[in-house]
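Below is one structure; the comments refer to it alone.
The values are calculated or read from the model by the stated rules, or taken from the named source; none is laboratory data. Just so it is clear, the structure is predicted and the values come from calculations on it, not from any experiment. So basically every Cβ, Gly included, is an ideal-geometry build from the backbone, and we count neighbours across all protein chains shown. Accessible surface is based on the protein model in full, side chains and every heavy atom, while ligands, DNA and RNA are left aside. Shrake-Rupley method; radii C 1.70, N 1.55, O 1.52, S 1.80 Å.
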Amino acid sequence: MKIPFSPPYITDGVVEEVTAALRSGWITSGPRVKQLEEALAASYQIPAIVTCNSGTSAMELALRWFGVGRGDEVIIPAYTYAATALAVMHTGATPVMVDSGDDFNIDPDKIAAALTSKTKAIIPVDIGGWPADYNRIRAVLDSHPFHPASQEQQLLGRPLVLADAAHSLGGIYQGKKSGRLADVSAFSFHAVKNITTAEGGALAINLPAQFDNRQVARVLKLRTLNGQTKDAFTKSQAGGWQYDIVFPGYKMNLPDVLAAIGLAQFRIYETEILPARKEIFRQYNCSFEEDPRLIVPQLTDKNKESSAHLYMLRLHDVSEQKRNQVISHIESMGVAVNVHFIPLPMLTIFREAGYDISKYPKAYEHYGKEITLPLYPQLTSGQIEYIVDAVKSSLATCL
């Protein structure tokens with residue numbers, strides 16, 4: 001049996017919506033983008049949503065709007081995908097890395113030591129769909145002196161909390177859904193995410209009362225379209241040809257033909273896709289939780305509920321090399337697995353910049369023991385049983 005790691009979930013509804021977009025005569029940013037933004041905002045009670053071409057772009061848009069730039073610092077976890085750090089670097093600012101806690105996410109107890117007079121933002125990452133501890137993070141930030149350097153920074157009065165929510169669409173923290181857990185949150189709609197637009201992302205704007213979230217959204221929308229005051233769809237309407245360029249923006253907009261994929265998926269996300277992912281997660285946990293060789297991930301606790309984006313299984317007391325042997329054996333049985341993530345300090349670009357993995361022991365420990373199993377709605381009961389058997393067979397062979 002061959003089981004891929006994460007194929008896109010393309011239903012008849014997706015095909016019909018994309019076909020309708022293609023036949024409409026309008027395929028770049030237009031009505032379907034607006035519908036997707038409105039659907040996300042309404043479903044999750046988010047004040048404003050701005051779609052763009054990736055989750056990475058969404059993070060960069062937020063940082064630049066907040067005035068983050070050269071000479072500034074942004075706190076991020078060492079255990080995340082490179083995009084979290086690259087969004088910071090694209091602004092000219094410096095990523096300051098913090099080690100993980102037991103749940104893969106950034107350790108709030110280690111944040112205070114990373115704060116300096118240059119700190120302008122923090123990017124917690126909801127790894128695997130498990131929300132970070134936002135209340136503890138805010139408590140640390142609120143107790144530390146802040147040195148604003150822009151109008152937006154002065155108005156907020158503390159570092160910006162920008163959630164890297166690429167994994168956590170539908171996740172819950174203390175009764176609130178992802179998108180309302182931070183000042184701003186960056187979603188990803190990449191091909192492997194819980195819902196996809198093939199490539200794409202969105203920025204959920206949830207700033208405190210002193211900000212006009214809708215006005216911030218309008219400014220950010222301009223930034224995705226070269227600073228142009230009208231999108232192409234509006235310009236195409238009768239009498240709509242006049243426009244202005246009000247600042248040097250970027251070309252980061254999401255096209256309608258891609259938004260159509262996400263729109264069709266989001267219509268069934270809370271009723272079909274998300275419950276299916278959670279059920280598979282539960283089945284894995286039931287199969288593995290009594291095995292002393294394994295540490296299973298959490299789906300829920302009293303404060304949080306995962307979006308079940310990744311099933312991140314860990315091995316007890318093994319070396320990285322032994323973990324790799326287990327992976328090779330699982331893959332030899334036809335099951336594609338992955339590792340989330342290689343910690344940033346182990347990657348060439350960061351290692352050569354002076355980041356040292358020895359300063360992040362928990363991140364390395366997680367990495368050396370972690371195996372991500374397939375998790376998507378198309379998995380059948382038979383495939384899930386085969387994956388479980390492949391894992392157990394590999395443990396028996398390699399450990």
Subject >> 26 Å Cα-Cα threshold exceeded, pairs from 110/302; 369/392; 302/359; 177/221 >> reply: 302/359
Original post:
Normalised by the number of residues in the chain, what is the relative contact order in percent for Cα pairs under 8 Å and 6+ residues apart?
Top reply: 22 percent
**OP:** Hey, can you grab everything whose amide H is under 5 Å from the amide H of residue 311? Only 5+ residues off in sequence or another chain; H modelled, so Pro and N-termini drop out.
**Re:** 373
Original post:
Of 306, 321, 283, which is farthest along the charge dipole of segment 246-329 in the positive direction, counting Lys and Arg as +1 and Asp and Glu as -1 at C-beta?
Top reply: 321
Original post:
So, in Å, what gap is there between the alpha-carbon centers of segment 81-121 and segment 293-356?
Top reply: 20 Å
Original post:
Using θ = phi - 60° and the Karplus curve 6.51 cos²θ - 1.76 cosθ + 1.60, what whole-Hz ³J(HN,Hα) does each residue of segment 19-36 get, with Gly and Pro shown as x?
Top reply: 4, 4, 5, 4, 7, 5, x, 9, 10, 8, 3, x, x, 6, 4, 4, 4, 5
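When DSSP assigns beta bridges and you keep just the ones with both residues in the chain, what percent turn out antiparallel, to the nearest 5? Walk me through the numbers before you get to the answer.
On the way: 25 of 40 bridges.
Bridges in the chain are about 60 percent antiparallel.
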**OP:** With an 8 Å cut-off on Cα pairs and a minimum separation of 6 or more residues, tell me the relative contact order of segment 223-363 in percent.
**Re:** 13 percent
**OP:** Using per-residue counts of other Cβ atoms within 10 Å, averaged over each peptide, order 391-397, 104-110, 158-164, 299-305 from highest down.
**Re:** 158-164, 104-110, 391-397, 299-305
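Considering only protein heavy atoms and a probe of 1.4 Å, how much of the accessible area of the chain is carbon and sulfur, as a whole percent? It would help to have the intermediate numbers written out before the result.
Working: 8380 of 16470 Å².
Roughly 51 percent of what the probe reaches on the chain is carbon or sulfur.
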**OP:** Using only the alpha-carbon atoms of the chain, report the extent along each of the three principal axes, biggest first, to the nearest angstrom.
**Re:** 70, 54, 39
Original post:
Using modelled backbone amide H atoms (1.01 Å from N, in-plane), which distant-in-sequence or interchain residues come within less than 5 Å of residue 48's amide H?
Top reply: 205
Original post:
Hey, what do the phi angles of segment 109-120 turn into as Karplus ³J(HN,Hα) couplings, whole Hz, using 6.51/-1.76/1.60 and θ = phi - 60°, x for Gly and Pro?
Top reply: 5, 9, 6, 4, 5, 8, 6, 9, 5, 8, 5, 10
Original post:
Among 41, 166, 204, which one moves the most in a GNM of the chain with springs linking Cα atoms closer than 10 Å?
Top reply: 41
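Rounded, prolate or oblate, given the Cα gyration tensor of segment 235-365, with a/c below 1.5 counting as rounded?
Details: a/c = 2.70, a/b = 1.55, b/c = 1.74.
Here segment 235-365 falls in the oblate category.
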**OP:** Would you mind classifying segment 154-226 by shape? Square roots of the alpha carbon gyration tensor eigenvalues, ordered a ≥ b ≥ c; an a/c under 1.5 is rounded, otherwise it is prolate if a/b is larger than b/c and oblate if not.
**Re:** oblate
Subject >> Shape of segment 181-314, Cα gyration tensor, a/c cut at 1.5 >> reply: prolate
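Given Cβ point charges of +1 (Lys, Arg) and -1 (Asp, Glu) and nothing else, what value in debye, to the nearest 20, does the dipole of the chain about its Cα centre take?
Working: 38 positive and 41 negative charges, 168 e Å.
Its charge dipole is roughly 800 debye.
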